[in-house]
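Visitor: Below: one structure in structure tokens.
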Amino acid sequence: MNMMDLMTDNKVHDESRQGEAYAPFANDPNQYKKKFYIESYGCQMNFSDSEIVASILNSAGYGATRDTEEADLVLLNTCSIREKAEQTIRKRLTEFRKAKMRRPGMLVGVLGCMAERLKANLLEEEKLVDMVVGPDAYRTLPGLIEEAEGGQKSVNVLLSRDETYADISPVRLESNGMSAFISIMRGCNNMCSFCVVPFTRGRERSRDAKSIIAEAQDLFDRGFREVTLLGQNVDSYYFVDEKSNETVSFAMLMERVALISPDLRVRFSTSHPKDITDEVLYTMAKYENICKYIHLPVQSGNTRVLQLMNRTYTREWYMKKVDRIKEILPDCGISSDIIAGFCSETEEEHQDTLSIMDYSQYDYSYMFFYSERPGTLAARRYKDDVPEEVKKRRLQEIVDKQYHLSLESNKRDVGKTYKVLIEGESKKDENAWMGRNSQNKVIVFAKEQYNLKKGDYVYVTVTDCTKGTLLGVIEK
């Protein structure tokens, strides 16, 4: 496992997608007054937000392009969780500033999580951008663009208590056409001390349940076969319909999406351990098309460190939650997030993290060493006092442990047969399909003579494995 296979603050960072440019429609017949280019960084929520931004800009008469040379408007959807991401974004902004010298009419804007924190630096001090727009202000983009076109620096980083973009149908990023993300809530109320999200994305608010069901139904009707319900902390979803005086919990929402069709797979991300209730677990067990996979970030295996992180659970409580998942869902896959070298962590406390990994038997984890983020509770309260070489060594021990756990987990699957959703051809072999099973493991298998296509379900028996992939044959 690569040390850069990282995740922080419960948000998956797909390293292969960092800096990905938004893809325009294929053969788009529309004529647009102007073209926009958007690049996304960070977690899946940011990529989902880019789809909302694209929809808003399309409605205002802008067309997407993947060529910065023809873009009138260049947007970077940013992430504040990792220092590396910020450095990359600054480098890109410097490159765009040079491009502006060649094309003086081009506007450059920063969206998302860096907006609030660095608005003064980016706008006034470094003069890298024309506009700064926070994650709750995307509806105001057309007006802000007009202001910027008039030579006025435009800013809207106000956080909202009710914005969920429920009525905006996202323009889907170029995907496999099978899997889509549906944002069900925004913001986070968990004040984990290492995390900047509550300050950059604001308070939790849940989206209207009916709009989520309608979006899932529309995706299914258009041929999508898998949806992932997305939020900073999905399990705390709680919507009150004031018209009907009905409350909808996360388990109820998940059930309603599952009932759209047995052929629509339902996943969710991410979970805070405190919110994975028995109601959620029993709902998962009830429906075959709700995937048996839970991302359950532990962050640390030591109770004292967990208290410093403000994670609201102890080592023993977390272990009991793992027991409960395995009791109700014996075939459930579990993955995690792990931070090495948090403030004042001792060697013995690090060993507690390694042992809870053994106890939980994670199928895979996203791992990184602690990096202090400005504005967080930890930055204000604690000293980042574990030397970097110690952090890196502890992280390597965690990575090595997970490598072993992942390989052993995959070996246990050899001989088992799984229902797999075909997502497309294998990247390495055009004569093989790739897909995932309910437990979120990738399976690669030969096409053989079968008349199958992307979006079909097929039963595959696992014959071999690597650390990251199951290899199999179609069950005859």
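The values are calculated or read from the model by the stated rules, or taken from the named source; none is laboratory data. No experiment lies behind these values; they were computed from the predicted model shown. Neighbour counts run over all protein chains shown; Cβ positions are idealised from the backbone, glycine included. Ligands, DNA and RNA are excluded from the accessible area calculation, which covers all protein heavy atoms including side chains. Shrake-Rupley method; radii C 1.70, N 1.55, O 1.52, S 1.80 Å.
Visitor: Let me spell out the model: positive unit charges on the Cβ of Lys and Arg, negative unit charges on the Cβ of Asp and Glu, origin at the Cα centre of the range 202-292. What dipole size does that give, in debye rounded to 20? Show your work: numbers first, answer last.
Guide: Details: 13 positive and 16 negative charges, 44 e Å.
It works out to roughly 220 debye.
Visitor: If you scale each eigenvalue of the Cα gyration tensor by 5 and take the root, what three semi-axes come out for the chain, rounded to whole angstrom and sorted largest first?
Guide: Working through the eigenvalues yields semi-axes of 35, 29, 23 Å.
Visitor: Still on this model: For the pair residue 314/residue 348, report the inter-label distance in nm, with labels modelled 7 Å from Cα in the Cβ direction.
Guide: It works out to 1.6 nm between the two label points.
Visitor: If the limit is 23 Å between Cα atoms, which of 84/153; 84/391; 326/419 go over it?
Guide: With Cα atoms farther than 23 Å apart: 84/153.
Visitor: Follow-up question, since we're still on this one. Find the accessible area per residue for the range 177-262; the probe is 1.4 Å, ligands and nucleic acids are left out, and the unit is Å².
Guide: 35 Å²
Visitor: Percent antiparallel among DSSP beta bridges with both residues in the chain, to the nearest 5?
Guide: Values: 29 of 73 bridges.
Counting DSSP beta bridges with both partners in the chain, the antiparallel share is about 40 percent.
Visitor: Along the Cα-to-Cβ line of residue 102, 7 Å from the Cα, sits a label point; which residues in the range 51-68 have backbone N less than 19 Å from it?
Guide: 65-68
Visitor: Quick one: dipole size for the range 136-235, taken about the Cα centre, charges +1 on Lys/Arg Cβ and -1 on Asp/Glu Cβ, in debye to the nearest 20.
Guide: 260 debye
Visitor: Rg and Dmax of the range 373-476 over Cα atoms: what are they, in angstrom?
Guide: 20.0, 62
Visitor: Evaluate the distance, in nm, between pseudo-label points positioned 7 Å from the Cα of residue 17 and of residue 158 along their respective Cα→Cβ axes.
Guide: Computed distance between label sites residue 17 and residue 158 equals 3.0 nm.
Visitor: So, in nm, how far is label residue 383 from label residue 59 when the simple model puts each one 7 Å beyond its Cα toward the Cβ?
Guide: Once both label points are built, they end up 5.2 nm from each other.
Visitor: Another question about this same structure. For the range 280-387, calculate the relative contact order in percent as a whole number, restricting contacts to Cα pairs under 8 Å that are 6 or more residues apart.
Guide: Taking the mean separation of contacting Cα pairs over the length of the range 280-387, I get 30 percent.
Visitor: Let me ask you something else. Set the bar at 27 Å for Cα to Cα. Now go through 383/441; 321/401; 383/467 and name every pair that lies beyond it. List each step's numbers first, then the result.
Guide: Working: 383/441 39 Å; 321/401 21 Å; 383/467 37 Å.
Going by Cα-Cα distance, 383/441; 383/467 fall outside the 27 Å limit.
Visitor: About its Cα centre, what dipole magnitude does the chain give when the only charges are +1 on Lys and Arg Cβ and -1 on Asp and Glu Cβ, stated in debye to the nearest 20?
Guide: Values: 67 positive and 74 negative charges, 72 e Å.
Result for the chain is approximately 340 debye, rounded to the nearest 20.
Visitor: Can you tell which of 317, 135, 78 lies farthest toward the positive end of the dipole of the chain, using +1 and -1 charges on the Cβ of basic and acidic side chains (Lys, Arg; Asp, Glu)?
Guide: So the residue furthest toward the plus end is 78.
Visitor: Could I ask something else about it? In vacuum, with every alpha carbon of the range 64-186 counted as one equal point scatterer, what does the Debye formula give for log10 I(q)/I(0) at q = 0.09, 0.15, 0.21, 0.22 Å⁻¹? Two decimals, please.
Guide: For the requested q values the scattering log ratios are -0.27, -0.76, -1.35, -1.42.
Visitor: Name the aspartates and glutamates eligible as straight-distance cross-link partners of residue 428: C-alpha to C-alpha under 17 Å, and not fewer than 8 places from it in the same chain.
Guide: 448, 464
Visitor: Please report the carbon-and-sulfur percent of the accessible area for the chain; probe 1.4 Å, protein heavy atoms only, DNA, RNA and ligands left out.
Guide: On the chain, the fraction of accessible area on carbon and sulfur atoms equals 50 percent.
Visitor: Further question: Considering Cα pairs under 8 angstrom that are at least six residues apart, work out the relative contact order of the range 67-167 and quote it in whole percent.
Guide: 23 percent
Visitor: Bin all alpha-carbon pair distances of the range 352-403 at 10 Å intervals from 0 and give each bin's fraction as a whole percent.
Guide: Per 10 Å bin, starting at 0, the Cα pair percentages come out as 22, 42, 31, 5.
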